[in-house]
Structure formats: structure tokens, C-alpha cells
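A short worksheet on the structure shown next.
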Amino acid sequence: MSDYEILDPRFSKLINGSARLERLWTGGRWTEGPVYVPAARHLIWSDIPNNRILRYDEVGGTTGVFEAPCGYHNGHTLDLEGRIIACEHGNRRVSRLDHDGSWRMLADRFDGKRLNSPNDVVVKSDGSIWFSDPTYGIDSDYEGHTAPSEIGASNVYRIDPANGTITLVASDLVKPNGLAFSVDESVLYVSDTGVTHVPGLPATIRAYSVSGDGSSLGAGRVFATCDVGLFDGFRVDRHGNIFASSGDSVRVFTSDGTLIGRILVPEAVANVCFGGPRRNRLFITATSSLYAIYVNSGPAARG
Ligand code: MG
């Protein structure tokens, strides 16, 4: 059985027909938040309900615990210096792993109120940090700690690189989740997984135009709708295609929103990340496991 469903010839150029999906590790409860760290040649990702960060050493092919407990981490990315930026459900904050090995808080409040539970994060080329803040980490004790939302809404925020100021950039999503910039950073894609709280709501990725000074967003529009499960996390490749998680596969869309193919995965996919020395290996966190597959593409940006 093939690991691919090819819907458009453009997808054939992105895949290596002889590459096969590999399961690298299993044993988690809900794996998410992968980031490849080139200098260490390892992948860091979250096993949220088990309150731990895992590390896959691609040189030795082994997996171990990177940190536990960890504050119920979810999404990870890299900043311009290659430091890990983390979303922490449990501590309800965005943090950074400094070069000395300590976690430094970057954002835990907006307008004086505690954040809900930052979910996913991306860094723009100007060093600004953009993150989503749905309620999954305060809805129950499974992925964090049960608590009311002080803000009373699930938004997307930006941390200014110069002064650390946190501004609201999108408030029209039910549950903002994964996010990524287009290749030229003129568009920010954000998934809305609000169907988890509002039955029947379409699971979408929305596209927002980024303002000329790069500090705010224009009106959003629906970019893609998911017909199996939902879009959780995703990455943009160097050609502008979106590699998105879904309930049964990694779905690949061109920048005009056309679904051109799928990489089939036997578990519900939470997120993906390009890695490896040549960045042509797509790592896939899917429910209990970590998978990988070599592709003919690579990331648009670091992290
Ligand atoms: Mg997520």
C-alpha cells in the first residue's frame, strides 16, 4: 500500500516515490509541538498529557526524555539565535530556553490577565514572536490545569522583539491553534480548531494579510477546510505549500489553497516539522507516535 494519495501532479514533485513512512517511536498519549534543532541534530517534541518533552537523536536513532515534568509544553519553534521557544499549557506562558539551559518567561499575561494556555508559536524574520492562546490547557487536568479563562476569549498575540510588548493581532477565531507565515511573510496562516467546542463548526486554516510594518494583521479569510478531523499544526515549505496535520494524514495545499495530495499516517496527526541536515525529512507527531518521511522539499523558515 502506498504512503501517498496523489491528487495533482504538483504533489508528485514534492515526494520521493521510494521514501516510506517510518515510525521512529511510540508510547506517548498526545504528541505535538515538534521542532528540529540543527546544531544538536535532534528533534524536540511534546507528549502533553504525560507532561514531558521528548528528544529524538537522529544520529543514534534513539528517543529519550528531554525534560519532565515540564509545565505541559505544547508547541515549539526556534528564534533567530536558534533558541527553543515554547508554549506551556501548565504555566500558561510562552518561554525561551536560553543558552545556559534555563527557561525564561516571555509572555504570561495580556492586559493584566493571565493567558489561557499558549498552544503554538512561530517567529518572524524580524524576531517578533506570534502565538495562539486557546483554552485546551485549562479546559481539563489532562493537558494542564483546570481553570477559568481570565481573558474570556481565545486570541492570537504578537510579542514585540524590541520591547517585549504583547499585542492582540487576531480575535475572530473560536480556537486559534497552529500558525505559520508564508514564504515572504506577507500572510499569516492560523488554524481554527473550534469544532472541539462548537459541534458542526468547519475546521479551517485562515489566512491573514500582514501589515506593511509587520506588526499587525488585516482581515482573515478561509484558506482551507478540513474534511477529516481538524488542522492542528502545520508548516510552510520553501515553495509556499502548506503541509498540514489532519485526522488521517498530512494534507498538502498549494498557496492558492488547492489540496494536491496526502501523506497517509495511521494515527491522527497533530503537527509536522522539517528537519535533518538537509531539512528534507518531514517529522510527524501523530497521537501516540513520532513518524518521519523524506520529501523533495524543505522549510520556508527556521523552526
Ligand atoms: Mg496545536
Which listed residue is more than 16 Å from the ligand (Cβ to nearest atom) and among the polar types (S, T, N, Q), from 132, 140, 102, 117: 102
Residue check, residue 36 among the aromatic types (Phe, Trp, Tyr) and closer than 13 Å to residue 263 by Cα: no
Verdict on residue 18 being more than 24 Å from residue 302 (Cα to Cα) and open to solvent by 60 Å² or more (accessible area, probe 1.4 Å): yes
Strands (runs of 3 or more DSSP E) within the range 195-290 that include 3 or more residues away from the ligand (no atom under 16 Å from the Cβ) and either open to solvent by 50 Å² or more (accessible area, probe 1.4 Å) or under 21 Å from residue 8 (Cα atoms) (or both): 217-226, 249-253, 259-264
Residues satisfying the stated conditions in the range 79-134, i.e. polar (S, T, N, Q) and either touching a helix residue (DSSP H, G or I) at 6+ places or on another chain (Cβ under 8 Å) or open to solvent by 10 Å² or more (accessible area, probe 1.4 Å) (or both): 91, 102, 125
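Go through the residues of the range 29-43 one by one and say whether even a single one is under 23 Å from residue 167 (Cβ atoms), away from the ligand (no atom under 16 Å from the Cβ) and either under 16 Å from the mean Cα position of the chain (by Cα) or open to solvent by 10 Å² or more (accessible area, probe 1.4 Å) (or both).
no
When the range 174-188 is examined, which residues are found to be within 16 Å of the ligand (Cβ to nearest atom) and either among the charged types (D, E, K, R) or open to solvent by 10 Å² or more (accessible area, probe 1.4 Å) (or both)?
Of everything in the range 174-188, those that are within 16 Å of the ligand (Cβ to nearest atom) and either among the charged types (D, E, K, R) or open to solvent by 10 Å² or more (accessible area, probe 1.4 Å) (or both) turn out to be 174, 175.
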Every residue from the range 143-163 that is surrounded by 15 or more Cβ atoms within 10 Å (Cβ to Cβ) and within 26 Å of residue 235 (Cβ to Cβ): 143, 144, 154, 155, 156, 157, 158, 159, 161
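The values are calculated or read from the model by the stated rules, or taken from the named source; none is laboratory data. Fair warning: this is a prediction, and the values are worked out from it, not measured in the lab. Glycine gets a Cβ as well: all are built from the backbone with ideal geometry, and neighbour counts include every protein chain shown. The accessibility values were calculated without ligands, DNA or RNA, using every heavy atom of the protein model including side chains. Shrake-Rupley method; radii C 1.70, N 1.55, O 1.52, S 1.80 Å.
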